[in-house]
Amino acid sequence: MSTTKMGALVPQILGILRKDLALDWYGRGRVLAVFAFAATSLLLFSFAVGPNTQKLAAHAGGYLWLSLLFASVLALSGSLREETEEEALESLMLLPVDPRALFFGKALANSVMLWGLAAILVPLSFALYHTHVTGSWIHLILALLLGCGGLAAPGTLYATMTARARGRDVLLPLLLFPLVVPVLVAAVNVTQLCFAGDPMQQTNSWLSLLAVFNLVYWGICPLLYGRVIEA
Amino acid sequence: MSEAVATIEQPPEPLPNGQPLVIGSNLGRRYGSRWALAGANLQLRSGRSLLIGGHNGAGKTTLLRILATTLRPTRGELIIDGIDVARDPIAARQRIGMLAHQSGLYPELTAIENLRVVGRLLGIDAVEDRAAAMLKRVGLGGRERDRLREFSAGMRKRLAFAKLLLQDPQLVLLDEPYGQLDPQGFDFVDGLLKSLVAEGRAVVVVTHLVERVAPQLHSGLLLDGGEMRWTGVAAELPAAMGRWMLR
């Protein structure tokens, strides 16, 4: 479909990324709302389990990633709202911009948002769930990077697909959640192993699984993005 | 679709020099079982203009979106500046600028930031200076730092024109260019149309205000129910529309 070389994509990707980060900065109210929602859901999980510190610590990784997943839906649909208000996404398609560059720029901006969210939620979960990192910090950081990336890539595709749908707020999680189950399972396991320790040396296997799913999502979604925008 | 209608061709452009910038052959687009556009043929040279008329649902915007390469035709072939759009839409887009119904801009960004986004994506050098010059040209000089959200609908339209001019396209597609503008804005669009054609660009206009714009443009094309019903000199399009509707 396109003859654009990968090298030529980089300035376009950076242009889209810069624009989306600027929009996030100007729409700080929306971003803060996403952060507040994620923090509140973390808090609610701790209320639901009760003051049992052992139970809380045993499932801290799961609660952290569920909060991130739920908040990611808000972040993803919010990022597309700006694009549809004045049909800006269609306008971008009128420019000689490769749809893959559009995808990578937007998905990276959404990843940055989720990484920022994770950076705040991790210390918050330490405080709420009485846990800390007993394993490797590097593994935890890798899990957060790959886990958020694994949510952002298909999330960007589906958020674009549902951006103009009437029931987009329901459709996006319905489409996204089943697809990201493997990422969620792997990210929760790595995170929990980092919190509680990894006597069986399982972390690398789960991280490999996360990396493979990232490769698949970041490889396939850009190819589908042009069709999705056109549709 | 009747075959007789489907084969209506635009008369050859009177300017003999060079190949047409746009060659559309049997362009059609189907949604389900309904043809929104059924077999449009058109040619347009640089420095010439085409007015597309027709009622709501006639297929005007569908044809314009196909010409803009944002909508894939179900059938037919579109060549822009020698480029087969089906093969390389991105290369074709380097020649195209379109003003759509919506401004296509970001309400949270300022006027200059909106133009900067486009300039950077197009790799335009000295984008700040050029963007400022375009804002002046559309009557928004001094409003560079104002956010789009603070702009009236007419000012947004002018900013969309500035974005279009910044792209410096060979083929200009205008969908309802007078929409949301005040009488001064109408005069602004009239002047801009003249200068775009004078600069050697090919211009395609879709509007309901055919009486106003027809005398300024070269060729006319009437669409109805997705089919080409008439082609000729733009100035005769209002009369042709009247005749067709009386049938």
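Every number in this text was worked out from the coordinates using simple rules, so none of it is lab data. Computed from a predicted structure; not experimentally measured. FYI the Cβ positions are ideal-geometry reconstructions off the backbone, even for glycines, and counts take in every protein chain you see.
Would you mind checking the pairs A:Lys19/B:Lys194; A:Lys106/B:Lys163; A:Lys55/A:Lys106; A:Lys19/B:Lys60; B:Lys60/B:Lys157 and listing those with alpha carbons more than 30 angstrom apart? With Cα atoms farther than 30 Å apart: A:Lys19/B:Lys194; A:Lys55/A:Lys106; A:Lys19/B:Lys60.
Between A:Trp25, A:Trp65, A:Trp115, the Gaussian network model of chain A with springs among Cα atoms under 10 angstrom shows the greatest mean-square fluctuation at A:Trp25. Note that region B:104-156 shows a convex hull volume over its alpha carbon atoms of 71 Å³ per residue.
Distance distribution P(r), the protein assembly as shown, all Cα-Cα pairs, bin width 10 angstrom from 0: 4, 18, 25, 21, 14, 9, 5, 2, 0 percent. For B:Lys136, the aspartates and glutamates whose Cα comes closer than 19 Å to its Cα, not counting residues fewer than 8 places off in the same chain, are B:Glu113, B:Asp125, B:Glu128, B:Glu144, B:Asp146, B:Glu150, B:Asp168, B:Asp182, B:Asp187, B:Asp190, B:Glu199.
The distance from the alpha carbon centre of region A:138-165 to that of region B:130-197 is 37 Å, rounded to a whole number.
Could you give log10 I(q)/I(0) at q = 0.07, 0.16 Å⁻¹ for chain B, computed by the Debye formula over C-alpha point scatterers of equal weight, without solvent? Relative scattering, expressed as log10 I(q)/I(0), comes to -0.23, -1.17.
Each of B:Asp125, A:Asp169, A:Asp24 was scored by other Cβ atoms within 10 Å of its Cβ. Arranged with the fewest first, they read B:Asp125, A:Asp169, A:Asp24.
Highest GNM mean-square fluctuation among A:Gly150, A:Gly29, A:Gly197, for chain A modelled with Cα contacts below 10 Å: A:Gly29. Distance between the pseudo-spin-label points of B:Glu150 and B:Tyr31 (7 Å out from Cα toward the beta carbon): 3.8 nm. Taking the alpha-carbon centroid of each part, what is the distance from region A:29-65 to region A:91-126 in angstrom? Region A:29-65 and region A:91-126 have Cα centres separated by 23 Å.
When a footprinting reagent is the concern and you count Cβ atoms within 10 Å, what order do B:His208, A:His139 take, fewest first? Mind showing how you got there, number by number?
Details: B:His208 15, A:His139 19.
Exposure proxy ranking, most exposed first: B:His208, A:His139.
Cβ crowding within 10 Å, taken as a proxy for footprinting-reagent exposure, orders B:Lys194, A:Lys19 from fewest neighbours to most as B:Lys194, A:Lys19. Beta bridges from DSSP with both residues in the protein assembly as shown: antiparallel share about 55 percent, rounded to the nearest 5. Taking only the C-alpha atoms of region B:134-205, the Rg (one decimal) and the largest Cα-Cα distance, Dmax (whole number), read 12.0, 35 Å. Distance from the C-alpha centroid of region B:48-96 to that of region B:210-247: 19 Å, rounded to the whole angstrom.
Near A:Leu224, within a Cβ-to-Cβ distance under 14 Å, what is the net charge of the other residues, with Lys and Arg +1 and Asp and Glu -1?
Values: positive: A:Arg100, A:Lys106, A:Arg227; negative: A:Asp98, A:Glu230.
So the environment of A:Leu224 carries a net charge of +1.
Ranking B:Ile112, A:Pro178, A:Ala163 by Cα position along the charge dipole of the protein assembly as shown, where only Lys, Arg, Asp and Glu carry charges on their C-beta atoms, puts A:Pro178 farthest toward the positive end. Sparse packing (at most 11 other Cβ atoms within 10 Å of the Cβ) combined with a DSSP loop state is found for none of the GluC sites (Glu not before Pro) in region A:81-173. Highest GNM mean-square fluctuation among B:Ile124, B:Ile79, B:Ile112, for chain B modelled with Cα contacts below 10 Å: B:Ile124. Each Lys and Arg Cβ is given +1 and each Asp and Glu Cβ -1; about its Cα centre, the protein assembly as shown then shows a dipole of about 280 debye. Put a plus charge on the Cβ of each Lys and Arg, a minus charge on the Cβ of each Asp and Glu, and nothing anywhere else: the dipole of region B:104-156 about its Cα centre is then about 140 debye. Taken over the C-alpha atoms, region A:6-230 has Rg and Dmax values of 17.8, 57 angstrom.
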